[in-house]
Amino acid sequence: MSTTIAVVDYGMGNLRSVSKALEHVAADDQKIIVSSDAAEIANAERVVFPGQGAARDCMKHLKDLQLEDVVLQAAHEKPFLGICMGMQVLMAHSEENQGVSCMNLYAGEVRAFADEKLQSQMQSLKIPHMGWNKVSHKQDHPLWHEIQEDSRFYFVHSYYVDPEDETLVAGTTEYGIEFVSAIARDNVFAAQFHPEKSAQDGLQLLKNFCCWNGQK
Amino acid sequence: MALAKRIIPCLDVDNGRVVKGVKFVDIRDAGNPVEVARRYDAEGADEITFLDITASSDDRETIVHVVEEVANEVFIPLTVGGGIRTLDDVRRMLNAGADKVAINTAAVFNPEFVREASESVGSQCIVVAIDAKKVSAEGETQRWEIFTHGGRKPTGLDAIEWAEKMVDYGAGEILLTSMDRDGTKIGFDLPLTRAISDAVSVPVIASGGVGNLDHLADGVIEGKADAVLAASIFHFAEYTIQEAKQHMADRGIEMRL
């Protein structure tokens, strides 16, 4: 069995931090590759699906590089970690860019904080939601191993996921509203925050992923 | 509000070396930006900003190596500013491991550059640095203008209008420096900080004038800044970042402790 961890490179943001952080915590026999090659991703033991930028560009790049199927396949069968935009596009649809159809692994919508701001009294709410915020655990999950309830992680985003099925929710965070900051089901874990930029707790989460068997 | 306010130590880097002196007792080479960054990370810095003040463009490649080395072992957000003039500069810094770049003078001379950069790499990577100076006389309604060349050259641009315009062009964050206060150690220009923070929808980092820990807290409480940036009070080890965070928390500010 290959012990490769593939970081999916589809031209959405800088993946150096993700791969360096993984290298920092991976076991000696685990190899980190940054790849846009479908076969390499398919052969990897684990897949990390990062991303930053806009939803429309994200989906367009995935389709142009013909990586959508291999990413979905990985999300069905091996330890899979979505980060930031790599979490959002797992949903059915995003409000961003006047509406974008996403990968539809999970039913639900990606929504804008700006709408909450209009609807609430939170006129001083800054967007993007940028900085260190608390994550409350909603599932007992191996990826939370040795990470305390309400630990802070680094966020930078203007949209958040709103899954239809509440049992998907693995973590929530408050920013004007309580929003879903992590989801998990079977072999998939995905986070809105950036573990690769979240100091010790972020590294711990990545370390947990590196040795996760993909089950709860 | 659970989102923490941020403390951002800033390192001035000239030719790959930290300048303005850093006095940590347990650091082998206080001029080495990698060692200093590692130290700040260990103390709990929420982010680190590097300001490249290298005069010669021939030597600019050195900051790229600094960022690469730091990014290999420090896993918190990194921002690089100074001499960012082209999309190529932006990409080179991000590829080296920076999470954000700060655009300053280039934005004043070519605002379209900010739009181009944010559309290309995303607003979340683009910080616009604003150097403002008070131009109103005593007793008048307070007014600030944008200055370039280290505060020497006025541009005639109103600071609040400029900040709004830069956000409109795609700035994801504003790094606001009061040129009147920079280096004075008498505290931030709080009316300026508050005016800009109230005017824009994106986070504002206050900079310029920090001399003690109350100044940091004032920047958040009175200036309504989302983050505070300081250089010398940390470099000279007057205070550790931990002490600063604890002090701010004691004054009721949400911090990552």
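Couple of notes before you dig in:
- Alpha-carbon spread of region B:1-146, three principal axes, descending order, Å: 50, 39, 37
- In sequence order, region A:52-60 has phi-based couplings of 9, x, 9, 4, 5, 4, 4, 5, 5 Hz under the Karplus curve 6.51 cos²θ - 1.76 cosθ + 1.60, θ = phi - 60°, and Gly or Pro positions carry x.
- Positive end of the dipole of the protein assembly as shown (Cβ unit charges, origin at the Cα centre): among B:36, B:195, B:24, the Cα lying farthest that way belongs to B:24.
- Evaluated over region A:4-210, the Cα radius of gyration and Dmax, each in Å: 15.9, 52
- With a Förster radius of 60 Å applied to the C-beta separation of residue B:55 and residue A:167, the computed FRET efficiency comes to 0.55.
- Relative pair counts by distance (%), Cα atoms of the protein assembly as shown, 20 Å bins: 25, 58, 16, 0
- DSSP-defined antiparallel bridges as percent of all bridges, chain A, nearest 5: 60 percent
- Calculated FRET value between residue A:45 and residue A:177, using beta carbons and R₀ = 30 Å, to 0.05: 0.20
- Region B:79-95 and region B:195-218: distance between their alpha carbon centers, rounded to Å: 24 Å
- Packing-based order for A:81-91, B:36-46, B:108-118, using average beta carbon neighbours within 10 Å, highest first: A:81-91, B:36-46, B:108-118
- Å² per residue, accessible surface of region A:4-210 at 1.4 Å: 38 Å²
- In this Cβ point-charge picture (+1 for Lys and Arg, -1 for Asp and Glu), the protein assembly as shown has a dipole of about 540 debye about its Cα centre.
- When each of A:126/B:5; B:100/B:185; A:126/B:20; B:134/B:165 is checked by Cα-Cα distance, pairs over 22 Å: B:100/B:185; A:126/B:20
- Relative contact order of chain B, pairs being alpha-carbon contacts under 8 Å that are 6 or more residues apart, as %: 19 percent
- Amide hydrogen proximity for residue A:102: with H placed 1.01 Å from N in the peptide plane, the residues at 5 or more positions away or on another chain lying under 5 Å are A:93, A:94.
- Prolate/oblate/rounded label for region A:92-208 (Cα gyration tensor, a/c 1.5): oblate
- Label point at residue B:2 placed 7 Å out along Cα→Cβ; residues across region A:131-165 whose backbone nitrogen lies under 14 Å: A:131-139, A:148-155
- Two-site FRET efficiency, residue A:97 against residue B:155, from Cβ-Cβ distance with R₀ of 30 Å, rounded to 0.05: 0.30
- If the segment from residue B:27 to residue B:232 were pulled out straight at 0.36 nm per residue, it would be longer than the present Cα-Cα gap by 72.2 nm.
- For region A:207-213, 3J(HN,Hα) computed residue by residue from phi via the Karplus equation (6.51, -1.76, 1.60; θ = phi - 60°) reads 5, 4, 5, 4, 10, 7, 8 Hz, glycine and proline entered as x.
- For region B:1-51 and region A:173-216, distance of Cα centres in Å: 27 Å
- Against chain A, whose longest principal axis is taken from its Cα atoms, helix A:16-25 shows a tilt of about 60°.
- Cα-derived Rg over Rh, computed across region B:6-250 with Rh taken as Kirkwood radius: 0.94
- Taking a straight Cα-Cα cut-off under 19 Å and skipping sequence neighbours fewer than 8 places away in the same chain, the aspartates and glutamates within cross-link reach of residue A:138 are A:146, A:149, A:150, A:162, A:164, A:165, A:166, A:174, A:178, A:186, A:201.
- Geometric descriptor of region A:157-216, per residue, is 88 Å³ (volume of the convex hull of the Cα atoms).
The values are calculated or read from the model by the stated rules, or taken from the named source; none is laboratory data. Everything quoted here is computed from the prediction, not taken from an experiment. Heads up, the Cβs are rebuilt from the backbone with ideal geometry, glycines too, and the neighbour counts pull from every protein chain shown. Heavy atoms of the whole protein, side chains included, go into the accessibility calculation; ligands, DNA and RNA do not. Shrake-Rupley method; radii C 1.70, N 1.55, O 1.52, S 1.80 Å.
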